[in-house]
Amino acid sequence: SGIIVIVYLLINLSILIIVMENNKKIIDYYDQCQTDYRILWYNKNNLAMHYGYWDSKTERHEDSLMNMNKFLAKIADIKENDVILDAGCGIGGSSIWLAKTFGSKVIGITLSKKQCELANKFAKIHNVQDLVKFCVMDFSNTKFRNETFNVVWGIESICHASNKKHFLSEARRILKRGGRLVIADGFVKKNRLSEDDSETLRKWLDGWAVPNLAKIEEFHGFLKDLRFRKIKFHDMTKNVMHSSEKLYKWSLFALPVGKFLEFLKIRTKIQTGNIIGAYNQYKILKNGVWSYGIFYAEK
């Protein structure tokens, strides 16, 4: 029995080390690439660090970013009296928008202290500090009580969880009965990948500090195993293709410049990896290796 206890402790220690290493990669990535996001992607009004939702009426990049929030809010049926967890909130864009648009109370959590400080600063600028709070926390291991939230909301953050089912289990714990889960993210579409596709996928994920992507069927299975109900998946690949291509075109110019600046030690390897990720994500999205989709489920 003593040997079993030792083995159990060693396994848990190994898992803890892996999680800590993964979390450090995520923190380093966002802290070091914040400037790139600010220059290329978001502005002071939307603070969005995700793909945009494009339809026939969308003409501007900034509008596409707001469209994604609107689409998710419609799917999740956000109401004024909802208490929402923004899991992996970044610099607070979605949380602030939800508070301003619906008057909902929102708690945003991120692993990055730097992001948390920026998000709280932006909440004050947008005058929603009474509705929105941000704190440093791991969304797979929160400190919230059971059944705290009406909605758990995650835009392009759950991909960073090394164990997606672990996150979903935690989300179920902190959701109230009848609570809604809405997740917009990337999911592997193909069951079998060629060697080239696997290599391209790995370059993208490594560049963006993503340990893995779940397959659509796998993620659906996790939700079913955890007794979520009314599970729906919306394939939004065609709606984010324009954003994906924008990143790709930026990378064509930025990659040689970034590598040269890394050589001069003006930029870091992580920042170069961000550009490499931007280049590769479009190549395999266009080839159907992965899909951009939205999962909805209820407790």
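The values are calculated or read from the model by the stated rules, or taken from the named source; none is laboratory data. Computed from a predicted model, the values in this text were never measured in an experiment. With ideal geometry, Cβ positions are generated from the backbone for all residues, glycine too; neighbour counts draw on all protein chains shown. Heads up: the accessible areas ignore ligands, DNA and RNA and are worked out on the full protein's heavy atoms, side chains in. Shrake-Rupley method; radii C 1.70, N 1.55, O 1.52, S 1.80 Å.
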Residues that are within 26 Å of K165 (Cα to Cα) and modelled with pLDDT of 95 or more: does the stretch 43-51 have at least one?
yes
Quick one: would you say I266 is in contact with a Lys or Arg (Cβ under 8 Å, 6 or more places away or on another chain) and surrounded by fewer than 20 Cβ atoms within 10 Å (Cβ to Cβ)?
no
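If I go through the stretch 86-99 residue by residue, how many of them are under 13 Å from the mean Cα position of the chain (by Cα) and of a type in the set (A, V, I, L, M)? Don't jump to the end; show me each part of the working.
First pass over the stretch 86-99, keeping only residues under 13 Å from the mean Cα position of the chain (by Cα): 86-94.
After this cut, where a residue has to be of a type in the set (A, V, I, L, M) as well, the list is 87, 91.
Residues meeting the conditions: 2.
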Can you tell me how many residues within the stretch 227-244 are open to solvent by less than 60 Å² (accessible area, probe 1.4 Å), in a helix (DSSP H, G or I) and not polar (S, T, N, Q)?
2
Filter the stretch 202-211 down to the residues that are part of a helix (DSSP H, G or I), open to solvent by less than 20 Å² (accessible area, probe 1.4 Å) and not aromatic (F, W, Y) and list them by number.
L205, G207
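Collect the residues in the stretch 185-201 that are in a helix (DSSP H, G or I) and surrounded by fewer than 22 Cβ atoms within 10 Å (Cβ to Cβ), keeping them in residue-number order. Let's see the steps before the verdict.
First pass over the stretch 185-201, keeping only residues in a helix (DSSP H, G or I): 195-201.
If the condition is that a residue be in a helix (DSSP H, G or I) and surrounded by fewer than 22 Cβ atoms within 10 Å (Cβ to Cβ), then E195, D196, D197, S198, E199, T200 are the ones that fit.
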Identify, by number, the condition in (1) without any contact (Cβ under 8 Å) to a residue 40 or more places away in the chain; (2) in contact with a helix residue (DSSP H, G or I) (Cβ under 7 Å, 6 or more places away or on another chain) that W153 doesn't meet.
(1)
Report the residue count in the stretch 245-254 for those that are open to solvent by less than 30 Å² (accessible area, probe 1.4 Å) and within 26 Å of K190 (Cβ to Cβ).
2
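Scan G293, G273 and give me the residue that is within 25 Å of I27 (Cα to Cα) and in contact with a strand residue (DSSP E or B) (Cβ under 8 Å, 6 or more places away or on another chain).
Numbers: G273 fails: in contact with a strand residue (DSSP E or B) (Cβ under 8 Å, 6 or more places away or on another chain).
None of the other options fit; the residue is G293.
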Would you point out which residue out of V182, V257 is of a type in the set (V, I, T), farther than 15 Å from S291 by Cβ and open to solvent by 30 Å² or more (accessible area, probe 1.4 Å)?
V257
